[in-house]
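Engineer: Here you go, one structure.
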Amino acid sequence: MIKISLFKKVQLPLALFYFFYFAMIGVYIIFMPKVLKDIGYSSVQIGAIYTSAPLMRFILPFIFKKWIKLTHKVYFVSLILTLLITALFSITIKSFWLFLLMNFAFGGAMGAVLPFVEIIALENAGKERYGKIRLWGSIGFSVVAFVLGKILNGWVMALGFLIATALLTAFFGFALAKFDKNIEDASQELQENKTFSISKYWAFWISVFLLQFSFGGFYNFFTIYETSSGLSLDTVSYLWIFGVICEILMLIFQGPLLKGYSLLTLLYISTFSTVFRWLIVAFFPKNLLLLMLAQATHALNFALYYTAAIAYVYTLYSQKKLAQQFFLGIGFGLGGALGAMLSGIIYKISPSGLFVFEALSAFFAAILLLIHKK
């Protein structure tokens with residue numbers, strides 16, 4: 001009864017944090033690449049910009065492993081810096097090098113926020129109820145996609161939405177800190193963190209990297225690729241929203257799957273479905289029915305994969321927060337960074353070839369999960 005009562009108390013601030021955090025991510029991922037293209041950035045420059053933040057997310061866990069504990073103070077500073085840097089975007093956006101520097105800082109500031117909150121969510125909600133909280137992030141993402149898809153008229157409006165969502169993320173992020181159950185001695189935790197090993201589960205970590213690597217071109221160039229193929233920005237926004245709706249449905253109903261099947265089996269199915277998703281995008285960029293089918297797999301290769309992966313990592317290591325930082329750092333960090341960097345180069349050579357390349361990356365990610373399972 002006490003656990004249920006505590007869950008009810010943390011439920012609202014968690015839901016609102018996820019809503020505004022992923023609304024902020026939605027602005028950053030869906031619309032900022034097109035905004036940058038419209039003000040004169042090349043595809044290579046856009047790729048470089050979207051390499052910087054994920055790269056910092058990869059570097060950060062190694063710093064935390066040796067020198068820093070993810071305390072409440074560090075978490076609070078990260079929330080404040082995230083808000084401050086989004087405000088500085090409006091001053092630096094016209095300068096490629098200054099904006100690149102700000103994006104490095106943005107990745108560093110955000111690198112400590114989500115791992116801290118994910119542990120609070122897992123410990124208070126459990127893996128079966130986690131999806132019903134996390135779905136509010138998907139709702140925030142889709143609301144931003146719908147609204148900005150209708151009214152976006154330039155970089156000023158895009159950054160206005162980015163700053164507003166960062167402000168509300170910080171507000172509800174501060175409210176969540178009191179629900180953290182992992183208050184430990186800093187020196188003891190740092191000593192334990194030094195024993196953290198990636199090589200022990202090497203195939204799993206490479207698989208995590210390759211899957212998120214395959215998403216690099218999708219996040220950065222899907223909107224550009226589809227509008228260049230003849231679809232309207234409205235239509236592409238609806239495709240984003242449809243994918244998120246499928247994601248939300250999975251988050252609502254995934255509880256029995258997480259309870260009835262092994263986490264590794266769910267990870268394998270989710271990873272392999274990504275291969276078909278990228279092949280459809282590559283070869284049928286104008287076929288709305290097939291594109292909707294591709295977006296529907298977002299329920300598997302994002303929603304189910306993400307929940308199963310963070311729950312699996314949670315069971316592998318005693319260093320809970322550090323393990324989540326490495327999951328985000330290796331996958332969304334290094335995988336996202338290199339995926340973004342190469343996507344700009346490959347897209348310039350062959351837009352459809354970019355998604356074929358991503359399908360190969362997802363295929364090898366699935367094979368490595370089989371190796372890890374055996």
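The values are calculated or read from the model by the stated rules, or taken from the named source; none is laboratory data. Every value quoted in this text rests on a predicted model; they were computed, and no experiment measured them. Reconstructed Cβ throughout: ideal geometry from the backbone, glycine too, with neighbour counts over all protein chains shown.
Engineer: Residues of region 238-284 being among the aliphatic types (A, V, I, L, M) and touching a Ser or Thr at 6+ places or on another chain (Cβ under 6 Å), which ones?
Structural biologist: Step one: filter region 238-284 for residues among the aliphatic types (A, V, I, L, M), giving 239, 241, 244-245, 248-252, 257-258, 263-264, 266-267, 269, 275, 279-282.
The answer is 241, 244, 248, 282.
Engineer: How many residues, within region 249-267, are in contact with a helix residue (DSSP H, G or I) (Cβ under 7 Å, 6 or more places away or on another chain) and surrounded by fewer than 21 Cβ atoms within 10 Å (Cβ to Cβ)?
Structural biologist: Result for region 249-267: 8.
Engineer: If residue 153 satisfies every condition in (1) over 17 Å from the mean Cα position of the chain (by Cα); (2) under 19 Å from residue 32 (Cα atoms); (3) in a helix (DSSP H, G or I) but one, which is the exception?
Structural biologist: Here residue 153 meets the rest and fails (3).
Engineer: Do you know which of the residues in region 297-350 that are more than 22 Å from residue 239 (Cα to Cα) and β-branched (Val, Ile, Thr) is surrounded by the most Cβ atoms within 10 Å (Cβ to Cβ)?
Structural biologist: Only one residue tops the list, namely 307.
Engineer: Is it fair to say residue 354 is crowded, with 19+ Cβ neighbours inside 10 Å, among the aliphatic types (A, V, I, L, M), touching a residue at least 40 places away in the same chain (Cβ under 8 Å) and closer than 25 Å to residue 287 by Cα?
Structural biologist: Yes: the conditions hold for residue 354.
Engineer: Tell me which residues, restricted to region 227-238, are modelled with pLDDT of 85 or more and buried (at least 22 other Cβ atoms within 10 Å of the Cβ).
Structural biologist: Scanning region 227-238 gives a single hit, 236.
Engineer: Now for a different question. Take residue 289 and decide whether it is within 20 Å of residue 267 (Cβ to Cβ) and either surrounded by fewer than 21 Cβ atoms within 10 Å (Cβ to Cβ) or without any contact (Cβ under 8 Å) to a residue 24 or more places away in the chain (or both).
Structural biologist: no
Engineer: Filter region 114-145 down to the residues that are surrounded by fewer than 22 Cβ atoms within 10 Å (Cβ to Cβ) and in contact with a Ser or Thr (Cβ under 9 Å, 6 or more places away or on another chain) and list them by number.
Structural biologist: Listed by number, the list holds a single entry, 127.
Engineer: Taking residue 133 as the residue in question, decide whether it is part of a helix (DSSP H, G or I) and in contact (Cβ under 8 Å) with a residue 40 or more places away in the chain.
Structural biologist: On the way: part of a helix (DSSP H, G or I): yes; in contact (Cβ under 8 Å) with a residue 40 or more places away in the chain: yes.
Taking the combined requirement at face value, the residue satisfies it.
Engineer: Considering only residues of region 56-112 that are not in a helix (DSSP H, G or I) and not aliphatic (A, V, I, L, M), which is surrounded by the fewest Cβ atoms within 10 Å (Cβ to Cβ)?
Structural biologist: 67
Engineer: Okay, moving on. Hey, can you tell me all the residues within region 87-105 that are over 17 Å from residue 154 (Cβ atoms) and either of a type outside the set (S, T, N, Q) or in contact with a Leu (Cβ under 7 Å, 6 or more places away or on another chain) (or both)?
Structural biologist: Those that are over 17 Å from residue 154 (Cβ atoms) and either of a type outside the set (S, T, N, Q) or in contact with a Leu (Cβ under 7 Å, 6 or more places away or on another chain) (or both): 87, 88, 96, 97, 98, 100, 101, 102, 104, 105.
Engineer: Still on this model: When region 225-252 is examined, which residues are found to be β-branched (Val, Ile, Thr) and farther than 22 Å from residue 140 by Cα? Please lay out each step first, then the result.
Structural biologist: Just the residues of region 225-252 that are β-branched (Val, Ile, Thr), to begin with: 227, 235-236, 241, 244-245, 248, 252.
Across region 225-252, the qualifying residue is only 227.
Engineer: A further question follows. Of the residues 168, 148, 159, which single one is more than 28 Å from residue 307 (Cα to Cα), surrounded by 17 or more Cβ atoms within 10 Å (Cβ to Cβ) and either out of contact with any His (no Cβ under 8 Å at 6 or more places or on another chain) or in contact (Cβ under 8 Å) with a residue 12 or more places away in the chain (or both)?
Structural biologist: Just one listed residue meets the conditions, 159.
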